[in-house]
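Just below is one structure, and these are the notes that go with it.
The values are calculated or read from the model by the stated rules, or taken from the named source; none is laboratory data. Remember, predicted model here, so these are calculated numbers, not experimental data. Neighbour counts are summed over all protein chains in view; Cβ atoms, including those assigned to glycine, are modelled from backbone coordinates with ideal geometry. Side chains included, ligands, DNA and RNA excluded: accessible areas come from the protein's heavy atoms. Shrake-Rupley method; radii C 1.70, N 1.55, O 1.52, S 1.80 Å.
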Amino acid sequence: MFEIKGLSVNYGGIEAVRDISFSVEEGSIVTLIGANGAGKSTTLRTIAGLVKPRSGKITFMGEDITGKDPAFIVGKGITLVPEGRRIFPDLTVYENLRIGAYLRKDRIDDDIEWVFSLFPRLRERSWQYGGTLSGGEQQMLAVGRALMSRPKLMMMDEPSLGLAPLVVRDIFSIIRTIRDKGVTILLVEQNANMALQTADMAYVMETGSITLSGKGRDLIADDSVRKAYLGK
Amino acid sequence: MAGFFHQNLSYFLSGISVGGQYALIAIGYTMVYGILRLINFAHGDVFMCAGLVMVYLSASLPFAVSVPLVLVFTVALGFLIERVAYKPLRSAPRMSVMISAIGVSYLLQNAALYFTGGLAKVYPEIPFLSRSVVIWDASTRVVTLVTPFLTVILVVLLTLLIKHTKIGMAMRAVSRDFETSQLMGIKINRVISITFMIGSFLAAVASLLYFTNYASVTPTSGSMPGLKAFVAAVFGGIGSIPGAVIGAFIIGICENIIKGGATIFGIPGSGWTTFSDAFTFAFLIVILVVKPTGLFGEKAVDKV
Ligand SMILES: Nc1ncnc2c1ncn2[C@@H]1O[C@H](COP(=O)(O)OP(=O)(O)OP(=O)(O)O)[C@@H](O)[C@H]1O
Ligand SMILES: [Mg+2]
């Protein structure tokens, strides 16, 4: 459903992403792992339309969406849960969810109910300001906010960053639940172990290029991956 | 106290009135700052242009037409300035945008100079607003009484807009985080345009009230009220709308009491009159030293 071909992205003179190609099957969980500065966030931000690529082509459901602006991309059904959560601190939890549905014209009550059933803690805190939530709660809110746009493809940039192991497990189980609801997932992670266990398909990025790809379970067994990303 | 109040009643009244006018201008400064972190130096001149356009339009059109036209013109002017002078600089350093704002300010003043030939233009007497009234043996004009009420109504409406509508929510989001707002599908340029249009609309309303009191418009008529409204916005904590409104009323009232020649610190009468403008700026310096973030200012979180 989603395909990238020969994508390159520059920041000024620096080439952050170099001629990468990959695809995402509908209904799967695909992960992109790699060291700091490999270009993972840049890739997601380019897909979301925040950064314009230098060259390459991004296709979603048969449509060329390369270089379109973010509002167009969200409207097409691609959403990004950004690195560092980026909750709106002076909007309430409820407003943060509503703003996730900014482009939608239909009723959103059922979706809010769904998000609250995924994350019951958000329901208890719906009138609290986003900025007063704990890190884990903010991550839940960031995921919930992204779901409010009714995405077909949800991209997540390091959702486990800075969270306690138990919360990380919760987040990953929620990711599977969301996939089971029919949302395709593109996941960037530092936590390679969890990511590879969860993903159907995985790509490894190194200094702007994709160097390895395969089924999540196969890569866990791969020696070079074990050394570089699993610390074994 | 009651005696002091009664004695200075007419100055209190004009203080509240001028304060309301400053408040309407100050909201434009504070909202634009809130969303772009830009001090829009041209805002006072937009206010002056609204006054000048009213002079020209009312010469040939009835008030029922010229007043709405002035509002429309000013909103369009605010929109245009943002599009032409600030939007192209969205990713430029903030100093460049600031310089662009100063440029626009001079441009508007020069355009006004060209059209007026540098002569003070007599502001029309808007029938209802210019009428005289006497309350508690202080004589004043209807505009003095109308201003504070109109200001409060507009501020309440604006607050409702920001707190309870979708566009208001988008404004709050954009003022915090451009990028994440874009990820929500918000078109930030549209939100910024709307912010400028609201600010300009309120400045146009302020110009109708203010120039009815002051009777003439010159190319530099916007500087002083613009500056004072800016001080009010800083006093209230720039970025905060209630702050700007409260700051504006305080400055308006203090300035007029001083002008009115009340006995202050045992120095009677007209001894202070000449210092009424200096007061505002002395006040600004004191605020910046004592509480740089103003009454309701957010802590110095710089936007990245
Ligand atoms: N706005 C920017 N301007 C200039 N260079 C940038 C910018 N954003 C990222 N880069 C550079 O691009 C490269 C890739 O960055 P990116 O954020 O995509 O890495 P990443 O794989 O997400 O890393 P991490 O795991 O640390 O989040 C880095 O070298 C980074 O310094
Ligand atoms: Mg990253």
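Over segment B:54-136, with a single point scatterer placed on each C-alpha, what log10 of the ratio I(q)/I(0) does the Debye formula yield at q = 0.16, 0.19 1/Å? Computed log10 I(q)/I(0) values: -0.81, -0.96. Taking trypsin sites (Lys or Arg not before Pro) in DSSP loop states with no more than 15 other Cβ atoms inside 10 Å as exposed sites, chain B has its longest site-free stretch at B:132-298.
Rounded if a/c is under 1.5, else prolate if a/b beats b/c, else oblate: with a ≥ b ≥ c from the C-alpha gyration tensor eigenvalues square-rooted, which is segment A:102-168? Walk me through the numbers before you get to the answer.
Details: a/c = 2.04, a/b = 1.36, b/c = 1.50.
Oblate.
Between amide H atoms placed 1.01 Å from N, distances below 5 Å from B:A42 occur with B:S105, all of them 5 or more places distant or on a separate chain.
Taking the Cα centre of the protein assembly as shown as origin, sum charge times position over the Cβ atoms of Lys and Arg (+1) and Asp and Glu (-1), and report the length of that vector in debye to the nearest 20. If you can, show how the numbers build up before the last one.
Details: 49 positive and 38 negative charges, 35 e Å.
Here the size comes out at about 160 debye.
Expressed as a whole percent, the accessible area of the protein assembly as shown that falls on carbon and sulfur atoms is 62 (1.4 Å probe). Rounded to the nearest 10 degrees, the angle from helix B:142-164 to the longest Cα principal axis of chain B is 20 degrees.
With axes computed from alpha carbons, what is the tilt in degrees of helix B:63-81 against the longest principal axis of chain B, rounded to the nearest 10 within 0 to 90? Approximately 40 degrees, to the nearest ten.
Give me the Å³ per residue figure for the convex hull around the C-alpha atoms of the protein assembly as shown. The partial results should precede the final answer.
On the way: hull volume 98.3 nm³, N = 536.
Hull volume over Cα atoms, normalised by residue count, gives 183 Å³.
Would you list B:S139, A:S134 from the most to the least accessible area, probe 1.4 Å?
Descending order: B:S139, A:S134.
Are there any trypsin sites (Lys or Arg not before Pro) in segment A:124-222 that are in a DSSP loop and have at most 11 other Cβ atoms within 10 Å? List them by number. Of the trypsin sites (Lys or Arg not before Pro), the ones in loops of segment A:124-222 whose Cβ has at most 11 other Cβ atoms within 10 Å are A:K181. Cross-link pairs exceeding 20 Å between alpha carbons, from the set A:K52/A:K76; A:K68/A:K215; A:K40/A:K76; A:K5/A:K68: A:K68/A:K215; A:K40/A:K76.
Nearest 100 Å², what total accessible surface is buried between chain A and chain B (probe 1.4 Å)? Please list the in-between numbers first.
Details: alone 10940 and 14650 Å², together 23580 Å².
Counting protein atoms only, the buried area is about 2000 Å².
Of all DSSP-defined beta bridges confined to the protein assembly as shown, some 60% are antiparallel rather than parallel. By the Stokes-Einstein formula, at 0.890 mPa s and 25 °C, segment A:57-159 with its Kirkwood radius over alpha-carbon pairs has D equal to 175 µm²/s. Taking B:C49, B:C254 and ordering them by how much accessible surface each has at a 1.4 Å probe, largest first, produces B:C254, B:C49. Each Cα pair under 8 Å and six or more residues apart adds its separation to the average, and for chain B the resulting relative contact order is 34 percent. Averaged per residue, segment A:79-232 has 44 square angstrom of accessible surface, using a 1.4 angstrom probe with ligands and nucleic acids left out. A loss of 20 Å² or more of accessible area (1.4 Å probe, protein heavy atoms, ligands and nucleic acids excluded) relative to the isolated chain is seen in these residues of segment A:23-60: A:R45, A:L50. Would you mind checking the tilt of helix B:166-176 against the longest principal axis of the Cα atoms of chain B, expressed as 0 to 90 degrees and rounded to 10? With rounding to tens, the tilt is 80 degrees.
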